[in-house]
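Asks: I have a structure I would like to understand better, so I am pasting it below and will then ask my questions one at a time.
The values are calculated or read from the model by the stated rules, or taken from the named source; none is laboratory data. Quick caveat: nothing in here was measured; it's all calculated off a predicted structure. We place every Cβ from the backbone using ideal geometry, glycine too, and count neighbours over all the protein chains shown.
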Amino acid sequence: MATVQENVVNDMVASQLVSRIRHKDGTMLPIISVFSVCYEFLINYTYERIRRHHEAFRANKWDPNGLKPESRVCMILNRFSRDLIVMYASSPSCDFILHIDPEKIVGKPFLVFICSDDLASFVEQIDIAKSLDIITHT
């Protein structure tokens with residue numbers, strides 16, 4: 001996982017942000033946001049994958065086919081809007097993982113779903129990612 005994170009962080013056309021999103025039952029779910037020239041934003045829930053990944057590497061023999069498929073949510077956000085309007089939310093994974101109906105998310109600002117404790121940092125990192133010349137000239 002460290003290699004993948006390093007590749008994303010060092011990539012001039014992508015930025016990775018870690019924050020939390022509020023589940024409808026009030027608990028906080030960790031997410032990683034990857035800002036990319038090609039895909040705008042991809043939001044995916046990664047907690048289980050990281051845990052399973054570490055468990056696999058602690059084992060003597062690692063079998064990549066032995067791991068369960070990773071649960072993910074994909075959202076495409078309008079990076080040209082200040083509030084990052086959700087243009088697409090994958091279904092049924094959005095409902096399964098976040099317990100939010102994807103049809104209710106589309107058209108709403110993504111910032112509404114970010115934990116208030118993480119909001120300032122998230123907006124700051126998004127502004128930095130937007131200000132990169134390579135992103136601006138796409």
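Asks: Take the residues of the stretch 10-24 that are within 19 Å of Ile97 (Cβ to Cβ) and aliphatic (A, V, I, L, M): which is modelled with the highest pLDDT?
Replies: By that ranking, first place goes to Ile21.
Asks: Looking at the stretch 97-110 only, could you name the residues that are farther than 12 Å from Lys24 by Cα and surrounded by fewer than 17 Cβ atoms within 10 Å (Cβ to Cβ)?
Replies: Glu103, Lys104, Val106, Gly107, Lys108, Pro109, listed by residue number.
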